[in-house]
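Here's the structure we're looking at; comments come further down.
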Amino acid sequence: MSAKAKTDPMVPELMSISVRRKELADTFTIELDPGKAGFEFLPGQFNMLYAFGVGEVPISISGDPAEPESLVHTIRDVGAVTNALSKMKKGDQVGVRGPFGSCWPVGEAEGSDVVIVAGGIGLAPLRPAIDHILTNRSKYGRFVILYGARSPEDILYMNQLQKWRGRLDTYVDVTVDHAGRDWAGNVGVVTRLIGRANFDPRHTKVMICGPEIMMRFTIKELNQIGVSKEDIYVSMERNMKCAIGHCGHCQFGGHFVCKDGPVFSYARIESLLQVRGL
Amino acid sequence: MTTKFTTPQSVIIGADQLDRLIKALSGLGYQVIGPKLEDDAVQLLPLTGADELPLGVVEEQAPGTYRLKPAKTPAYFDFTHGAHTWKQYLFPPKEKLWSASKTPKGLVIDDSMDTPKYAFIGVRACELAALGVQDQVFVDGEFASTPYKERRERVFIVALNCRRSGGTCFCVSQNTGPNVKDGYDLALTEITDKAGHRFVVEVGSSRGEEFLAKLETSQANDTDLKVAKKAVKKAAKSQDRTMPANTADILLRNQESTHWQDVAKRCLDCGNCTFVCPTCFCSTTTDETNLDGDTASRWRQWDSCFTLDFSYIHGGSIRRDGAERYRQWISHKLTHWHDQFGVSGCVGCGRCITWCPVGIDITEEVKALAKGK
Ligand SMILES: Cc1cc2nc3c(=O)[nH]c(=O)nc-3n(C[C@H](O)[C@H](O)[C@H](O)COP(=O)(O)OP(=O)(O)OC[C@H]3O[C@@H](n4cnc5c(N)ncnc54)[C@H](O)[C@@H]3O)c2cc1C
Ligand code: SF4
Ligand code: SF4
Ligand code: FES
């Protein structure tokens with residue numbers, strides 16, 4: 001008795017790399033060709049990417065949702081699978097499952113101000129939201145992008161940040177933790193940029209992605225200036241082996257980060273974030 | 001089209017029919033799995049006939065203890081469950097998901113699979129409840145596991161009403177047993193009295209009804225039914241372990257209790273409790289490549305939340321100490337499961353208590369937390 005399981009959600013689709021681009025010393029972008037059908041997704045969703053013989057890891061989609069003909073991922077080389085992906089060239093095949101998970105509240109945010117706070121590689125999962133908002137710019141109020149990187153050499157999407165900064169309808173502020181003398185910009189943590197940005201704390205949606213510690217401090221600062229918990233959204237990171245609610249690895253209290261998240265409103269997870277080791 | 005199944009009257013089969021039952025199921029192409037003695041324990045293994053079933057054996061179970069002993073009555077099913085669970089057949093400990101091969105035209109994925117057709121003999125009420133719980137995880141959600149679903153749909157279930165409870169059972173308190181309610185093809189209740197060694201058979205599906213024609217049956221009389229019912233009631237009464245009714249709440253209120261440190265001092269992080277639990281569903285994936293590097297396969301394999309790796313992300317594990325890991329296990333099982341699936345993740349089978357090498361008792365830990373210890 002042998003049956004074919006074509007539709008099993010654990011079986012990936014193979015896609016070829018059409019563009020490979022180095023972003024930073026340890027970070028690169030791959031664009032995959034999803035074929036004629038394109039690859040529809042919502043800003044904030046992620047895919048499981050498989051490197052032949054090595055394994056599969058969750059990676060956010062970082063391209064423009066209005067351009068589904070190319071599937072874009074920006075990846076930091078930190079371990080076995082991401083390293084194997086970093087070595088792939090144009091034409092190589094990657095296994096793709098997705099898109100999975102919840103999205104940034106770009107719909108709910110219409111009509112209010114929007115503040116993006118990103119740290120390091122955390123800008124990648126937020127870029128589709130930024131693209132979406134800029135494409136539909138008139139639907140939103142003030143638009144603020146705050147970004148923190150370790151050093152000037154670690155600033156991701158530098159060209160795009162400059163382009164966004166050049167727009168009159170978008171406020172962009174960047175800071176780094178450490179810098180040499182030739183850096184004329186801000187030095188310090190990203191939370192310091194919040195106070196001087198101009199937005200209405202009572203009519204704004206904030207979207208945060210970065211290291212958990214950075215998200216905690218950002219939330220604290222936002223609470224102090226009067227942004228309500230319901231208006232703050234974060235993207236959570238947990239170990240993920242399946243992305244379909246079967247493997248149990250991503251559990252966070254009663255949530256499966258892979259399907260209930262990765263984007264959560266802070267109001268939903270506040271009590272969980274306060275307990276160590278959940 | 002589905003027609004509603006209405007239960008016909010119960011019938012009686014003689015104990016000698018058990019062999020016929022196993023062989024007839026084999027004849028229909030089922031791989032028959034049932035209790036068998038191996039390594040001084042009752043295990044769930046392939047059966048070819050009733051002579052392989054343990055006859056006249058019971059076991060002693062207590063926290064950290066499992067021991068077989070001869071029974072006073074030569075019954076087939078007076079022992080209760082051992083460390084094995086049916087999940088190891090429907091959700092195998094290690095299973096190939098698919099493989100990919102390098103060809104001149106690029107990678108090719110092979111996701112063909114074998115779906116065995118199982119017949120399970122002697123599925124107890126708590127275990128039926130556990131199958132239902134795993135169905136919710138693997139079939140009823142947004143994504144269904146194809147291999148699980150296919151095996152599950154094919155399985156023929158001969159359930160069993162327990163007339164004896166094991167030393168760590170608390171199914172009564174979890175409202176799952178000891179009498180089976182639904183989800184079976186046939187259900188047996190064993191009777192060993194002066195009138196002979198026999199089974200009351202209840203039919204739970206049209207498939208079961210059809211199959212019953214292959215056995216020699218007789219009408220069950222009132223005495224048979226009364227004897228059977230009484231025996232199961234006695235098993236229920238004998239359970240002294242209970243889980244507090246407001247367990248979900250107790251755990252939620254005590255996430256930062258110092259008691260977690262106390263459990264961590266005893267717990268060895270061995271993960272036994274998760275592997276013997278019939279509802280635990282966590283798994284990991286592993287990759288294997290053949291020697292020439294041309295074919296790589298992906299495997300799904302049972303995993304346990306008691307390992308450090310389980311919650312690893314770049315920069316370190318989320319649950320670094322044992323206290324956090326035990327808290328995760330029991331909180332998921334008894335609290336978060338309600339949020340996720342609307343039921344408790346514990347069916348009260350007692351396996352985690354029996355097979356914990358240091359005898360940690362899930363019901364006692366909840367009670368200790370409730371007392372704010
Ligand atoms: C929803 C989500 C979106 C993500 N988006 C991106 C992205 O856009 N770009 C990017 O560079 N990284 C992203 N990450 C992090 C990325 O998944 C990890 O860096 C990656 O899993 C590391 O795997 P590795 O095998 O290279 O590292 P190793 O250190 O060798 O990891 C071993 C295993 O641990 C697990 N693991 C390790 N780190 C993480 C982690 N941070 N998160 C989850 N599992 C981990 C994986 O299962 C991995 O296979 C995302 C993570 C999540 C959960
Ligand atoms: S938690 Fe323990 S008693 Fe409950 S179902 Fe699992 S093994 Fe059985
Ligand atoms: S509770 Fe017992 S069985 Fe479970 S991990 Fe700890 S020592 Fe092992
Ligand atoms: S990643 Fe497997 S359950 Fe969420």
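The values are calculated or read from the model by the stated rules, or taken from the named source; none is laboratory data. None of the values given here were measured: they were computed from a predicted structure. Please note: Cβ atoms are built from the backbone with ideal geometry, for glycine as well, and neighbour counts cover all protein chains shown. To get the accessible areas, we keep the full protein, side chains included, count just its heavy atoms, and leave off ligands, DNA and RNA. Shrake-Rupley method; radii C 1.70, N 1.55, O 1.52, S 1.80 Å.
Considering every residue in B:103-114, what mean count of other chain Cβ atoms within 10 Å of its Cβ is obtained?
4
Top to bottom by accessible area (1.4 Å), largest first, where do B:THR286, B:THR189 land?
The most accessible residue leads, giving B:THR286, B:THR189.
With every protein chain present, what accessible area does B:CYS169 have (1.4 Å probe, heavy atoms only), rounded to the nearest 10 Å²?
For B:CYS169, the solvent-accessible surface is approximately 10 Å².
Quote the FRET efficiency, to the nearest 0.05, computed for B:LEU68 versus B:ASP16 with a Förster distance R0 of 22 Å and r equal to the Cβ-Cβ distance.
0.35
Using Cα springs under 10 Å in a Gaussian network model of chain B, which residue among B:LYS87, B:LYS117, B:LYS214 shows the largest mean-square fluctuation?
Answer for the Gaussian network model of chain B: B:LYS214.
With 28 Å as the limit, write out which pairs from A:LYS36/A:LYS87; A:LYS89/A:LYS259; B:LYS149/B:LYS230; B:LYS181/B:LYS230; B:LYS36/B:LYS149; B:LYS230/B:LYS371 have Cα-Cα distances beyond it, or answer none. Write out the running numbers ahead of the final one.
Values: A:LYS36/A:LYS87 26 Å; A:LYS89/A:LYS259 31 Å; B:LYS149/B:LYS230 36 Å; B:LYS181/B:LYS230 16 Å; B:LYS36/B:LYS149 26 Å; B:LYS230/B:LYS371 36 Å.
In this structure, A:LYS89/A:LYS259; B:LYS149/B:LYS230; B:LYS230/B:LYS371 lie more than 28 Å apart at Cα.
Let me cross-check B:ARG320: its accessible surface, 1.4 Å probe, with only protein heavy atoms counted, in Å² to the nearest 10?
140
Suppose each label sits 7 Å from its Cα in the direction of the beta carbon; what would the B:GLN261-A:GLU230 distance come out to in nanometres?
3.9
Across peptide A:268-277, how many C-beta atoms of other chains are within 10 Å of each residue C-beta, on average?
For this peptide, the per-residue mean of nearby foreign Cβ atoms is 3.
Just to check, using Stokes-Einstein with a Kirkwood Rh over alpha carbon pairs, what's the diffusion coefficient of the protein assembly as shown at 10 °C and 1.306 mPa s in µm²/s?
The diffusion coefficient I find is 58 µm²/s.
Give the lysines reachable from B:LYS367 as a straight Cα distance under 28 Å; neighbours fewer than 8 places away on the same chain don't count.
B:LYS233, B:LYS234, B:LYS237, B:LYS265, B:LYS333
Using 7 Å Cα-to-Cβ label points, what is the B:ARG320/A:LEU14 separation (nm, one decimal)?
Between B:ARG320 and A:LEU14, the simple spin-label model gives 4.3 nm.
Efficiency by 1/(1 + (r/R0)^6): what FRET value for B:GLU60 and B:GLU95, r their Cβ-Cβ distance, R0 = 51 Å, to the nearest 0.05?
So the FRET efficiency works out to roughly 0.90.
Can you tell me, using C-alpha contacts under 8 Å and at least 6 residues apart, the relative contact order of segment B:10-237 as a whole percent?
23
For peptide B:309-320, what's the mean number of Cβ atoms from other chains within 10 Å of each residue's Cβ?
That average works out to 5.
For segment A:3-100, what class follows from the C-alpha gyration tensor (a ≥ b ≥ c being the square roots of its eigenvalues): rounded when a/c is under 1.5, otherwise prolate if a/b is larger than b/c, else oblate?
Values: a/c = 1.61, a/b = 1.18, b/c = 1.36.
Oblate shape, in that a/c is at least 1.5 and b/c is the bigger or equal ratio.
Cα centroids of segment A:100-162 and segment B:78-108: how far apart, whole angstrom?
42
How large a share of the accessible area of segment A:3-100, in percent, is made up of carbon and sulfur atoms when the probe is 1.4 Å and the other protein chains stay in place?
Roughly 51 percent of what the probe reaches on segment A:3-100 is carbon or sulfur.
Based on the Cβ-Cβ distance of B:TRP299 and B:VAL139, what FRET efficiency does E = 1/(1 + (r/R0)^6) give at R0 = 25 Å, to the nearest 0.05?
0.75
Suppose accessible area is computed on protein heavy atoms with a 1.4 Å probe; arrange B:ASP40, A:ASP33 from highest to lowest.
Values: B:ASP40 130, A:ASP33 80 Å².
Final ranking, largest accessible area leading: B:ASP40, A:ASP33.
Leaving ligands, DNA and RNA out of it, report the carbon-plus-sulfur percent of the accessible area of chain B at a 1.4 Å probe. Can you show the working numbers first?
On the way: 8260 of 16350 Å².
Carbon plus sulfur share of accessible area: 51 percent.
Chains B and A: what accessible area do they bury, summed, in square angstrom to the nearest 100, with a 1.4 Å probe?
Roughly 4200 Å².
Which shape class, rounded, prolate or oblate, goes with segment B:10-237 when its Cα gyration tensor gives a ≥ b ≥ c as root eigenvalues, a/c under 1.5 marks rounded, and past that a/b bigger than b/c marks prolate?
In terms of gyration-tensor shape, prolate.
Any chance you could look up the accessible area of A:GLU153 with a 1.4 Å probe, heavy atoms only, rounded to 10 Å²?
In the full protein context, A:GLU153 sits at about 130 Å².
If DNA, RNA and ligands are ignored and the probe is 1.4 Å, what is the ranking of B:HIS84, A:HIS178 by accessible area, most exposed first? Before the final figure, lay out each step's value.
On the way: B:HIS84 40, A:HIS178 130 Å².
Of B:HIS84, A:HIS178, the descending order of accessible area is A:HIS178, B:HIS84.
When only Cα pairs under 8 Å and 6 or more residues apart are kept, what is the percent relative contact order across chain A?
Relative contact order comes out at 17 percent.
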